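Working notes, structure below.
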Amino acid sequence: MSKIAQVTFFFWIMKICVTTLGETAGDLLSMTMNVGYGVSSVILISLFLISVVAQLKATRFHPVLYWTVILTTSTAGTTMSDFMDRTLGLGYMKGSLILIACLLVVLAAWRISEKTLSVSHIQTTKAELFYWTAILFSNTLGTALGDFLADDSGLGFFGGAALIGGMLGLVVLAATFTRLNRVMVFWIAFVLTRPFGATFGDLLTKPVAKGGLDFGTVGSSLILVSLLAAFIIYTNRTEKRVLSQEVSE
């Protein structure tokens, strides 16, 4: 039995919510609470390891647990990226290139080992390990790309979010009107939702003088947690209703 969420319209909405929350929550810990990037990375990576072990030991799909793991990869990815780019002084471009290489290596190893990268065929612990490792690197990469677009490219927070949003729109059109490989389209969209979340998170948290909406890390995180919880409850109830209808028929 697959323990991975089905890829539907609501999956992508929730993915954007949780990756944006990862950006705001990561910044809340490292900057607002002044914990620092290095210590924040250790804390959030530890939370990721705890949640992913629980996910791997689970025998069926638990929506709260699944999205908790996605969230911890996002928060850990935020602080890991900031540690690479700022504390180690690699910069956004070098950090992004390193993370792209790491992600490609993971996907290649997954493809060689399992013969497919399809997330609808994850039935073994080894495949699930590849899945979560790829997600961790993609979310860390997304933070670096988002920061590069928002800061170094000169686009600003709104411009960066608009650019990534436009690219996601092109991916949707390609998936709808072309015969591009669906597995490739999925991973392109999955990677792009993280920089969209990173730039959108900055747009929510940063002050108006810097091009943001000034909700702050606390306010933005509370808004996103509420939205994510509402979507989880809605999708869970919908799936249960559909299953009950199928059983009754």
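Assign one of three labels to region 1-55, namely rounded, prolate or oblate, based on the Cα gyration tensor with a ≥ b ≥ c the square roots of its eigenvalues; rounded applies when a/c is under 1.5, prolate when it is not and a/b is larger than b/c, and oblate otherwise.
Oblate, because a/c is 1.5 or more while a/b does not exceed b/c.
Against the longest principal axis of the chain, how steep is helix 63-82, in degrees 0 to 90 to the nearest 10, with axes from Cα atoms?
30
Looking at the square roots a ≥ b ≥ c of the eigenvalues of the Cα gyration tensor of region 14-119, which shape do they give, rounded for a/c under 1.5, prolate if a/b is larger than b/c, or oblate? All intermediate terms of the calculation are to be shown ahead of the outcome.
Details: a/c = 2.15, a/b = 1.22, b/c = 1.76.
Oblate, since a/c reaches 1.5 and b/c is not below a/b.
What percent of all Cα-Cα pairs in region 32-71 falls into each 5 Å bin, going from 0 up to the bin containing the maximum distance?
6, 23, 24, 17, 13, 10, 5, 1
Hey, can you rank 194-201, 87-94 by average C-beta count inside 10 Å, highest first?
Working: 194-201: 30.5, 87-94: 14.8.
Those peptides, ordered most packed to least, come out 194-201, 87-94.
Total Lys pairs in region 9-248 closer than 28 Å by alpha-carbon, pairs eight or more apart in sequence or interchain only?
Lysine pairs meeting the criterion: 13.
Using only Cα atoms, what is the ratio of the radius of gyration of the chain to 2.2 N^0.38 Å?
On the way: Rg = 17.8 Å, N = 249, 2.2 N^0.38 = 17.9 Å.
My calculation over the Cα atoms of the chain gives 0.99.
What list of ³J(HN,Hα) couplings, whole Hz, do you get for region 168-180 from phi and the Karplus terms 6.51, -1.76, 1.60, once you set θ to phi - 60° and write x for glycine and proline?
Whole-Hz 3J(HN,Hα) from phi for region 168-180: 5, x, 5, 5, 4, 5, 5, 5, 7, 10, 10, 10, 4.
Once both labels are modelled 7 Å past Cα along the beta-carbon direction, what's the residue 101-residue 62 spacing in nm?
For residue 101 paired with residue 62, the spin-label model returns 3.8 nm.
Any read-out appearing in this document is the output of simple, stated calculations on the displayed coordinates, not a laboratory observation. Owing to the predicted nature of the structure, the values given are computational and were not obtained by experimental measurement. Note that each Cβ is placed from the backbone with ideal geometry, even for glycine, and that neighbours are counted across all protein chains shown.
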